[in-house]
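Colleague: First the structure, then my questions, so here it is.
The values are calculated or read from the model by the stated rules, or taken from the named source; none is laboratory data. Just so you know, these numbers come straight off a predicted model, no measurement behind them. Don't worry about glycine lacking a Cβ; one is built from the backbone with ideal geometry, like all the others, and counts go over all protein chains shown.
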Amino acid sequence: MKRLFDIILAFAGLVVLFPLFVAVAILIKLDSKSPVFYRGVRIGRFGKPFKIFKFRTMVANAEKLGGPSTSADDPRLTNAGKYIRRYNLDELPQFINVLKGEMSIVGPRPEVPQCAKLFAEEEKVILTVRPGILG
């Protein structure tokens with residue numbers, strides 16, 4: 001039942017938000033020559049890695065220039081990226097991951113591999129459920 005809810009809500013979200021997706025994509029392309037989407041690796045259900053969809057808010061190869069964590073004044077952020085992050089618009093493409101079955105609407109945030117490797121045994125229970133857009 002939860003999976004059906006996820007599919008319906010994600011599909012509806014993508015349809016309704018399509019004009020906003022186009023506007024954000026144009027903003028990103030006007031600000032940088034980088035791809036519109038960031039496809040970083042995250043750890044999903046049962047520890048399976050997947051590539052998350054997010055609007056790009058940083059320069060290309062930002063993960064090689066710094067760590068996985070980002071502050072509001074991170075120099076790797078593009079001008080458009082600061083605005084996109086302020087309003088959490090970078091998270092919207094994750095509806096695609098929901099449709100693919102890699103994520104759910106509600107669930108724990110997906111972790112980057114280096115953080116998931118540090119989970120204590122009792123914390124690994126989080127990997128038994130699909131990660132979510134909303135925590």
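Colleague: Return yes or no: is ARG42 assigned to a helix (DSSP H, G or I), charged (D, E, K, R) and out of contact with any His (no Cβ under 9 Å at 6 or more places or on another chain)? Can you show your working first?
Modeller: On the way: assigned to a helix (DSSP H, G or I): no; charged (D, E, K, R): yes; out of contact with any His (no Cβ under 9 Å at 6 or more places or on another chain): yes.
Considered against the rule, which asks whether it is assigned to a helix (DSSP H, G or I), charged (D, E, K, R) and out of contact with any His (no Cβ under 9 Å at 6 or more places or on another chain), ARG42 comes out as no.
Colleague: What number of residues in region 86-115 are surrounded by fewer than 19 Cβ atoms within 10 Å (Cβ to Cβ) and closer than 19 Å to LEU14 by Cα?
Modeller: 8
Colleague: Regarding TYR38, is this residue surrounded by fewer than 20 Cβ atoms within 10 Å (Cβ to Cβ) and among the hydroxyl-bearing types (Ser, Thr, Tyr)? Outline the logic, then answer.
Modeller: On the way: surrounded by fewer than 20 Cβ atoms within 10 Å (Cβ to Cβ): no; among the hydroxyl-bearing types (Ser, Thr, Tyr): yes.
Considered against the rule, which asks whether it is surrounded by fewer than 20 Cβ atoms within 10 Å (Cβ to Cβ) and among the hydroxyl-bearing types (Ser, Thr, Tyr), TYR38 comes out as no.
Colleague: Pick out the one residue from GLY107, GLY40 that is within 17 Å of ILE133 (Cα to Cα), at pLDDT 95 or above and of a type in the set (Gly, Ala, Ser).
Modeller: So the residue among GLY107, GLY40 that is within 17 Å of ILE133 (Cα to Cα), at pLDDT 95 or above and of a type in the set (Gly, Ala, Ser) is GLY107.
Colleague: Give region 1-35 a look and list any residue that's assigned to a loop (DSSP other than H, G, I, E, B) and either surrounded by 11 or more Cβ atoms within 10 Å (Cβ to Cβ) or at pLDDT 95 or above (or both), or say none. Outline the logic, then answer.
Modeller: The first filter runs over region 1-35 and keeps only residues assigned to a loop (DSSP other than H, G, I, E, B), leaving 1, 32-35.
Matches in region 1-35: SER32, SER34, PRO35.
Colleague: Filtering region 45-59 down to residues that are in a loop (DSSP other than H, G, I, E, B) and touching a Ser or Thr at 6+ places or on another chain (Cβ under 9 Å), which residue is modelled with the lowest pLDDT? If you could, list the steps in order and put the result at the bottom.
Modeller: Going residue by residue through region 45-59, those that are in a loop (DSSP other than H, G, I, E, B) are 48, 52-53, 56-57, 59.
Next, from what is left, pick out any that are touching a Ser or Thr at 6+ places or on another chain (Cβ under 9 Å): 56-57, 59.
On the way: ARG56: 94, THR57: 93, VAL59: 84.
Top of the filtered list is VAL59.
Colleague: Using beta carbons and a limit of 7 Å, which pairs, at least six apart or on different chains, have the first residue in region 109-123 and touching a residue at least 24 places away in the same chain (Cβ under 8 Å) and the second one part of a helix (DSSP H, G or I) and polar (S, T, N, Q)?
Modeller: Partner pairs satisfying both residue conditions: none exist.
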